[in-house]
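Take a look at the structure set out below.
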Amino acid sequence: MQLSTKHLLGIKELEPADISLILQTAAQFKEVLQRPIKKVPSLRDITIVNLFYENSTRTRISFELAEKRLSADTINFSASGSSVSKGETLLDTVNNILSMKVDMVVMRHSASGAPHFLAKHLPNTGIINAGDGINEHPTQALLDAFSIMEKTGGLEGKKVVLIGDIMHSRVALSNIYLLKKMGAEVMVAGPPTLIPKHIREALGVEVSYNVGEALRWCDVANVLRIQLERQNQVLFSSLREYNLAFGISRRLLDSIKKDIVIMHPGPINRGVEIDSDVADGRESIILQQVENGVAVRMAVLYLLAGKKSEAS
């Protein structure tokens, strides 16, 4: 089986069959990662550039590790130490890199649509979106879905709530697209200032401004980081007030009296959107998400490389 696309620009462009194929392939690669020798030669002849214009820890390390596990050759690019700081344009940067015969580009950028721009100008190179502005973060949604399936047995019919800064979260948008395509019910919850006004009509999700109500409704709660760096105005009074009104605490969870799976894409603001005894508690699968990220990104790289080699 093959993906219907040669790029991974967002979940919005994927078919449900593409999502299923990626998740099935990820399950196979997770088995590989449990072996004493975790490396396979699947992408031995493929060269991949990790093009990160924004700071990243988990996503960048996860992609690098996935590439190494697949035996790909990798080049790591950081905007802060490159000619970008001298005024070089995005397209010039990439054209210079591709003149070195690169097969795939993994890209994170602060501008929404930057990977789509690359894909338009570089149609024969596989482009993977590792997060673009406040648009999408497709591999995070895929690893979140994989983690939910692993924990609960499936996605169809599951009730998943995304809690926190929905307005500025590319993780939220990718999760909503994926979960809706795969038959899950989705709710967003948080303060009114952090939830887009017409999200219910635009994306078909439920909306709640009461975290307790949202937790009583859901099977899975994916808690999102407050993205202060993307907010150009004050959207709530203080982090302390946010924690009291919308933070996930042990006392709140215990009051719900039901089992809820707790997730977080990271990095965690402990004591703000989630308390430490919840992030590290029995309900949490946050570390499993990190582990599953490598398998999911191995699957994406492998499938896109296969599609590219057939097309060429």
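Which residue, ALA111, SER255, GLN288, has the largest displacement toward the positive end of the dipole of the chain when charges sit on each Cβ (Lys, Arg +1; Asp, Glu -1)?
GLN288
Just to be sure I understand the model, the point goes 7 Å from the Cα along the line to the Cβ. What's the resulting TYR209 to ARG44 distance in nm?
6.1 nm
What's the Kirkwood radius of region 54-141 in Å, using all Cα pairs?
Kirkwood hydrodynamic radius for region 54-141: 13.7 Å.
Roughly how many debye, to the nearest 20, is the charge dipole of the chain about its Cα centre, given +1 on each Lys and Arg Cβ, -1 on each Asp and Glu Cβ, and no other charges?
With Lys and Arg at +1 and Asp and Glu at -1, about 320 debye.
Calculate the radius of gyration of the Cα atoms of the chain to one decimal place, then report Dmax, the largest Cα-Cα distance, as a whole number, both in Å.
19.3, 59
How big is Rg to Rh over region 138-289, alpha-carbon atoms, Rh as the Kirkwood inverse-mean-distance radius?
Working: Rg = 14.0 Å, Rh = 15.2 Å.
Expressed as Rg/Rh, it is 0.92.
Sorted from fewest to most neighbouring beta carbons within 10 Å, what does the list PHE77, PHE63 look like?
Final ranking by Cβ density, sparse to dense: PHE77, PHE63.
On a 30 Å Cα-Cα criterion, which of the cross-link pairs LYS30/LYS197; LYS68/LYS159; LYS30/LYS120; LYS6/LYS39 come out too long?
Correct reply: LYS30/LYS197; LYS68/LYS159; LYS30/LYS120.
For region 90-170, max minus min Cα coordinate along each principal axis, in Å, sorted largest first?
In descending order, the Cα extents are 46, 27, 15 Å.
Taking H as built 1.01 Å from N, whose amide H comes closer than 5 Å to the amide H of ILE75, not counting residues under 5 places away?
ILE48, VAL49, ASN50
Just want the ordering: VAL49, VAL261, from fewest to most Cβ atoms lying within 10 Å of their own Cβ.
On the way: VAL49 22, VAL261 18.
So the residues, fewest neighbours to most, are VAL261, VAL49.
Filter the DSSP H helices in the chain by two things, a Kyte-Doolittle mean of at least 0.0 and an axial alpha-carbon span of 15 angstrom or more, and list the hits by number. Write out the running numbers ahead of the final one.
On the way: long enough: 16-33 (25 Å, 0.66); 58-69 (16 Å, -1.08); 138-152 (21 Å, 0.15); 170-181 (17 Å, 0.33); 286-311 (37 Å, 0.50).
In the chain, the long hydrophobic H runs are 16-33, 138-152, 170-181, 286-311.
At a 10 Å Cβ-Cβ cut-off, how would you order THR152, THR139, fewest neighbours first?
THR152, THR139
For the charge dipole of the chain, defined by +1 on Lys and Arg C-beta atoms and -1 on Asp and Glu C-beta atoms about the Cα centroid, which residue among VAL272, GLY164, THR74 has the Cα displaced farthest towards the positive pole?
In the chain, that residue is THR74.
With each label point set 7 Å from Cα along the Cα-Cβ vector, what nm distance links SER238 and SER4?
Distance between label points: 5.1 nm.
If Rh is defined by the Kirkwood formula over all Cα pairs and Rg also comes from Cα, what ratio Rg/Rh do you get for region 138-207?
Using Cα coordinates only, the ratio equals 0.95.
All of the numbers you see were taken from the coordinates with simple rules; none came from a lab. Worth saying up front: this structure is predicted, and the values here are computed from it rather than measured. All Cβ positions, even for glycine, are placed from backbone atoms using ideal geometry, and neighbour counts span all protein chains on display.
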